[in-house]
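To start, the structure under review is shown below, and the notes come after it.
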Amino acid sequence: MEMSRSEGIRAVKKGLLLLGAVTVAEVLISLLGKGYLIPGLEEYSFLFVITGLAMIVLSLYKAYFIVYEFMHLRYEVKGMALSILLPAMLLIWGLIAFLWEGNTWGDRREEVQYEIPQDIEQQLDESEGEPVKELDNHEH
Amino acid sequence: MSEELLETTETQEQDNWSGGKSPFKTSYGKLMMWYFLVSDAFTFAGLLIAYGALRFSTPSWPVPDFVFSTAPFGVTGAPLIFVTIMSFVLIISSGTMVRAVQEGARENKNGVVFWLLMTVFGGIAFLGCQAWEWNNLIAEEHMTIFTNPFGTHTEDGVYLEGDGHYIEKGDEFKAGESYLIHKHHGDWDPLTFRTESGVVKQQEFGPKAFGALFFFITGFHGFHVFSGVVILFIIMLNVASGLYVERKNGYEMVEKVGLYWHFVDLVWVFVFLVFYLL
């Protein structure tokens, strides 16, 4: 994609101003949500969700701009762009699945026993050298 | 009429895929750079999602605007300011990279060399900032991949002793407030406090995973920046030697390294979001 010098400089300036402004907005939103700009605001927990969502949306916008304009994906053949973007959609599943999983780990933290209870330890000793299925044979 | 149009587009598509020319109208090298970046994006996404999963699994997590509130020249209590500056450095270097690609398309050799050099400087500046940040965390605040001195209170309470810097005896704190356990002459010095319910406790270390995740993820990104700087420098020398004038392909190599460099900036957008903003 060829453009004249002044056109190119204008495009870069526009891109830098946009990315810079969005970054500043993100930082301000983050500090606002944590009560640095207006003290006491961090007490409202719903604000945490709203500011979080706002920052995620702004970051996705920055990513879109970098990929489509700076990396020129907008000007590529549609099939090529799809061959890059569609696999990346798998990450949406990954994000939901693993955050869900992490949340469950947190909820079940109390159930985790860090020491092996004695009776199981005994069973382990007894079953040494025996097939693993023998372990399951109790309390039926 | 519409059927005719359909037929022509179909034959065009068949032509595109019947061999002899690139159906994606791009070169092998550029396409493969894109696919490499897709795989690299998955690696980074895996790491960042792991951060999220572990953060969700822990009752308390270090608050980033407390952890990252120092800047060079003795600035303290300035949450997120230094990392914002780091972000700007990377964004600007991305802009200079776009300029280098534009000058390449215009076959302006000196312009390409100049803007690639500016991009190299941007990359080095970012690495310098990161080196300072790591040094501050390791040498001043004693965070390692095994120890995380940044903890968070889970109950309201009052301190029974001071640390001689920021906390004094009798200072009150609220649940969710973060603290840093100091190290004096090689020994950890956790402060004692009384919770609202009257129990006397000592400050506890924060979740171990924080340090490991921080150093690994920002380190992996920093490694990408470092290799980017090296590649940019080599390409710059090649441009200066006139190699790409001979190839007559509009400085395609500069475009490829440009894709890589923008990707590094793209990853930082998400590292910045996950580690610092949220």
Looking only at the stretch B:51-68, filter to residues that are within 10 Å of chain A (Cβ to nearest Cβ) and part of a loop (DSSP other than H, G, I, E, B); which one of those is surrounded by the fewest Cβ atoms within 10 Å (Cβ to Cβ)?
B:Pro59
Can you pull out the residues in the stretch A:19-49 that are more than 10 Å from every other protein chain (Cβ to nearest Cβ), touching a residue at least 12 places away in the same chain (Cβ under 8 Å) and under 30 Å from B:Ser94 (Cα atoms)?
A:Ala25, A:Leu32
Just one of A:Ile84, A:Ile66 is in a helix (DSSP H, G or I), touching a His at 6+ places or on another chain (Cβ under 8 Å) and over 30 Å from B:Ser57 (Cβ atoms); which is it?
A:Ile66
Condition met for A:Tyr61 (more than 10 Å from chain B (Cβ to nearest Cβ) and within 30 Å of B:Val254 (Cα to Cα))
no
If we ask which residues in the stretch B:249-277 are touching a Phe, Trp or Tyr at 6+ places or on another chain (Cβ under 9 Å), farther than 21 Å from B:Arg106 by Cα and at the interface with chain A (Cβ under 7 Å from one of its Cβ atoms), their number turns out to be 3
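Conditions (1) assigned to a helix (DSSP H, G or I); (2) in contact (Cβ under 8 Å) with a residue 12 or more places away in the chain; (3) surrounded by fewer than 17 Cβ atoms within 10 Å (Cβ to Cβ), marked per residue:
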site: B:Tyr35; (1), (2), (3): yes, no, yes
site: B:Gly46; (1), (2), (3): yes, no, yes
site: B:Ile49; (1), (2), (3): yes, no, no
site: B:Thr84; (1), (2), (3): yes, no, no
site: B:Ala100; (1), (2), (3): yes, yes, no
site: B:Gly111; (1), (2), (3): yes, yes, no
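When only residues in the stretch A:64-79 that are crowded, with 17+ Cβ neighbours inside 10 Å and not β-branched (Val, Ile, Thr) count, which is farthest from the chain's Cα centre (by Cα)?
This residue is A:Glu76.
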Taking the condition at the interface with chain A (Cβ under 9 Å from one of its Cβ atoms), surrounded by fewer than 19 Cβ atoms within 10 Å (Cβ to Cβ), at pLDDT 95 or above and assigned to a helix (DSSP H, G or I), does B:Phe42 pass?
yes
Here the residues within the stretch A:67-98 that are closer than 28 Å to B:Met97 by Cα, among the aliphatic types (A, V, I, L, M) and more than 7 Å from chain B (Cβ to nearest Cβ) are A:Leu73, A:Ala81, A:Leu82, A:Leu85, A:Leu86, A:Met89
Checking the structure you have, find out if any residue of the stretch B:178-196 is part of a helix (DSSP H, G or I) and within 14 Å of chain A (Cβ to nearest Cβ).
no
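The values are calculated or read from the model by the stated rules, or taken from the named source; none is laboratory data. Here the structure is a predicted model, which is why all the values come from computation and not from measurement. Neighbour counts are summed over all protein chains in view; Cβ atoms, including those assigned to glycine, are modelled from backbone coordinates with ideal geometry.
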